[in-house]
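Report on the structure given below.
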Amino acid sequence: MRIDKFLNAVNITKRRAVAEDMLEHKVVYINGMPVKKAKEVKVGDLIEIKYLEYTEEYKVLQIPQTKSTPKSKQAEYIEKLKGKDDV
C-alpha cells in the first residue's frame, strides 16, 4: 500500500490530501529516508513524521486490506513508538 493511502487508512491523517501535503513537504520518513507519496509501505517499516515542535514514530504491524479502518482498530496496524506526549 502506498504511504499516502496508508497514513489515511490507519487514521494517522484525517484526509489523504493532508498526507500528500506532508509528503510533498518532506516531513514523512520511512526507515530514516524522506519519501514520496508513491512509496510502498511494508510490515516492519518505521514511519517518522517530523512536526515543527515534536516527532511521531510508528512501526507498521500489518497492512490494512480496506481503504479505511476504525480508529478503535488502529493498534492492529501500527504501534506508536514516540509522539507528542513523550516530549
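The values are calculated or read from the model by the stated rules, or taken from the named source; none is laboratory data. In this text the structure is predicted, and so the values were computed from the model without any measurement. Using ideal geometry, Cβ is built from the backbone for each residue, glycine included, and neighbour counts are taken over all protein chains shown.
Looking across the range 68-87, the residues that are surrounded by 13 or more Cβ atoms within 10 Å (Cβ to Cβ) and of a type in the set (A, V, I, L, M, F, W, C) come down to 78, 81. Test residue 23 against the criterion of being modelled with pLDDT of 95 or more, under 17 Å from residue 79 (Cβ atoms) and surrounded by 13 or more Cβ atoms within 10 Å (Cβ to Cβ), and give yes or no. So residue 23 fails the test.
Can you tell which of 41, 60 is free of Cβ contacts under 8 Å to residues at least 60 places away in the same chain, touching a Phe, Trp or Tyr at 6+ places or on another chain (Cβ under 6 Å) and aliphatic (A, V, I, L, M)?
Details: 60 fails: touching a Phe, Trp or Tyr at 6+ places or on another chain (Cβ under 6 Å).
Matching residue, one of 41, 60: 41.
Out of everything in the range 45-67 that is hydroxyl-bearing (Ser, Thr, Tyr) and more than 14 Å from the chain's Cα centre (by Cα), what residue ends up being surrounded by the most Cβ atoms within 10 Å (Cβ to Cβ)? Out of the qualifying residues, it is 54. Checked against the criterion of being polar (S, T, N, Q) and more than 17 Å from residue 83 (Cα to Cα), the range 17-38 contains not a single residue that satisfies it.
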